[in-house]
Amino acid sequence: MQAKPLIATAAAALAALPLAALAHPAAGGAHSHGLLDTALHAFAHPFTGADHLAAMVAVGAWSALTVRPAWRAPAAFVALLVAGALAGFAGLALPGVEPMIAASVLVLGLLLALQKKMPWGAAAALAGVFAFFHGAAHGYELAGDTGLAAFGALAGMALGSAVLHLAGMALGRVVLQRHRLLTALGGAATAALGVFMLARLA
């Protein structure tokens, strides 16, 4: 992939990031149940909380820097995100969803800051475990959609998450790969967000 498309992808995604939003929208929040409207709502969903956003961008950036092939950990994240969302749709009550999401931000931030290398299988498994809890949180919030609306919600959420992963990969390849200090600072900031989130839950 050429540098210019990567930069454009990253810029488009980063421009939409509401970094101040830490709380998840209420599960009973009003949204349209039409296929297209639901898909668009779900596409935007991963962008609406700094926790989900930071974890997904960190997975992409960390994978681009340390995991080979780089796409497998993000792909595992998206697949298990959808699985977790299906569990949330079905009403499966997972214990510790919010602490696990906060822990994922902390751990993924540290992995990025340290540029920790690991086999792709271990990286994909780690990303997938965290993704399942992120997906469950999304599933709880988007529950109530059925039929085509449910399909649209899952497809939109998966696509939005993939865009964030691509933005992270672009950031990793174009910027962070050349500037180790920025990588350390970005990872440390992500980890600090995870610590802050855990402290709020204590």
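Here, each number is a calculation from the coordinates, and none is a lab measurement. Keep in mind that what you see is a predicted model, and the values were worked out from it rather than measured. We place every Cβ from the backbone using ideal geometry, glycine too, and count neighbours over all the protein chains shown.
Structure data summary
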{"read-out": "Per-pair calculated FRET efficiency, R0 = 30 Å: K116 and R200 via Cβ, rounded to 0.05", "value": "0.70"}
{"read-out": "Gain on full stretching of the segment that runs from R178 to A125 - 0.36 nm per residue minus C-alpha separation", "value": "16.3 nm"}
{"read-out": "Residue order, fewest to most surrounding Cβ atoms within 10 angstrom, among T183, T190", "value": "T183, T190"}
{"read-out": "Angstrom value of the Kirkwood radius, inverse mean 1/r, which spans all Cα pairs in the range 50-201", "value": "15.2 Å"}
